[in-house]
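Structure record follows, encoded as structure tokens.
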Amino acid sequence: MGKSVFLWLSISSLVVLSVLTVSLWYLVSPRISQLSPVLALGLKICLALFLLVITGGLLLIILSSITEKDFLFPHNEKQITLKMLFPINLFLGHLLGISKDKVRESFIQVNNSLVKATRKRIRNDRILILLSQCLQNYDCPNRVTVDYKNCRKCGKCILGQIIELGEKKGSFISIATGGTLARKVIVDTKPTAIVAVACERDLTSGIQDVYPIPVYGVLNQRPHGPCVNTQVDLEKLEKALEFILDGRD
């Protein structure tokens, strides 16, 4: 389904948001006009500017995502647009029979394309590889969330290979149990870019929470179900690191 799911849902969400905004205006404008014509005019201008920012932001996101060329302004229009439209996307996806994880996965692909589009803006001097704890073997006695170097690289899970890859690339590595710890790690390490491995839900929330730090998301694989002995495609992870470090796709 790819990026098109999120982009088409975003266009549909913009239409819904526009209809709701115009409907709200027609409902409240008569009373506000009676109170103060100036206030009514000011509110009308604010609503128009609001829709203009969201529409313009979405247009630039679509262009940048499809072409992977930088059409985004170095401001917050992208974040404002995504924050406003994302909840509506999930709702419309539900109505159309598209699961939340499919919408989130499509969002992650759009996000990665936007990271590629803005590659010239990315500083690559402090790269953080942020991993979910569920990549570690469930029965392993060594707590890697305290220090990833506690990993014995025994081969029972993929974590040892990821750590070797990160060390070879000279990147910071952290393994988090959840969003709170992940945010603390980001505050402590102050990365200029992040390559994150997690599920659809955690990646989606994390990408939005740490903005404007660019995050390249790599979805984990769950052959044993969610949160237990998950896997990741090492080739995809290495390509993500190479892109962040030297711009190679």
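With a simple spin-label model that places each label point 7 Å from the Cα along the Cα-to-Cβ direction, the separation between Arg123 and Gln34 comes to 5.7 nm. Once the other residues with Cβ under 10 Å from the Cβ of Asp70 are scored (Lys, Arg +1; Asp, Glu -1), what is the net sum? Combined, the nearby Lys, Arg, Asp and Glu give +4. Here is the list for the range 65-147: trypsin sites (Lys or Arg not before Pro) lying in DSSP coil, each with at most 15 other C-beta atoms within 10 angstrom of its C-beta, are Lys69, Arg123, Arg126, Arg143. Global size of the range 2-115: 16.3, 50 Å for Rg and Dmax (C-alpha atoms, Rg to one decimal, Dmax whole).
Per-residue 3J(HN,Hα) values for the range 136-153, derived from phi via the Karplus relation 6.51 cos²θ - 1.76 cosθ + 1.60 with θ = phi - 60°, read 6, 4, 4, 8, 5, x, 8, 7, 8, 6, 6, 7, 4, 6, 5, 5, 8, 6 Hz in sequence order (x marks Gly and Pro). Taking label points 7 Å from Cα along the Cα-to-Cβ direction, Asn142 and Asp209 give a separation of 2.7 nm.
Helix 200-209 and the longest principal axis of the C-alpha atoms of the chain enclose an angle of approximately 60°. Between the helical axis of 100-117 and the longest alpha-carbon principal axis of the chain there is an angle of about 90 degrees. Modelled label positions at Glu238 and Lys190, each set 7 Å beyond Cα in the direction of Cβ, lie 3.3 nm from each other. A straight Cα-to-Cα reach below 13 Å connects Lys190 with the aspartates and glutamates Asp125, residues fewer than 8 places away in its own chain not being considered.
In the range 122-246, what % of DSSP beta bridges are antiparallel (nearest 5)? Of the beta bridges lying entirely in the range 122-246, close to 5 percent run antiparallel. Estimated purely from DSSP H runs of n ≥ 4, each contributing -39500 (n - 2.57), the mean residue ellipticity at 222 nm for the chain is -20000 deg cm²/dmol once divided by its residues.
When the gyration tensor of the chain is built from Cα positions, what are the square roots of 5 times its three eigenvalues, in whole Å, from largest to smallest?
Numbers: eigenvalues 316, 71, 54 Å².
Value: 40, 19, 16 Å, ordered largest first.
Over all pairs of different C-alpha atoms in the range 122-246, the reciprocal of the mean inverse distance, the Kirkwood hydrodynamic radius, equals 14.4 Å.
Since every read-out is calculated from the coordinates, none of them should be taken as a lab result. What you see is a predicted model, and the numbers here were worked out from it, not measured in a lab. We place every Cβ from the backbone using ideal geometry, glycine too, and count neighbours over all the protein chains shown.
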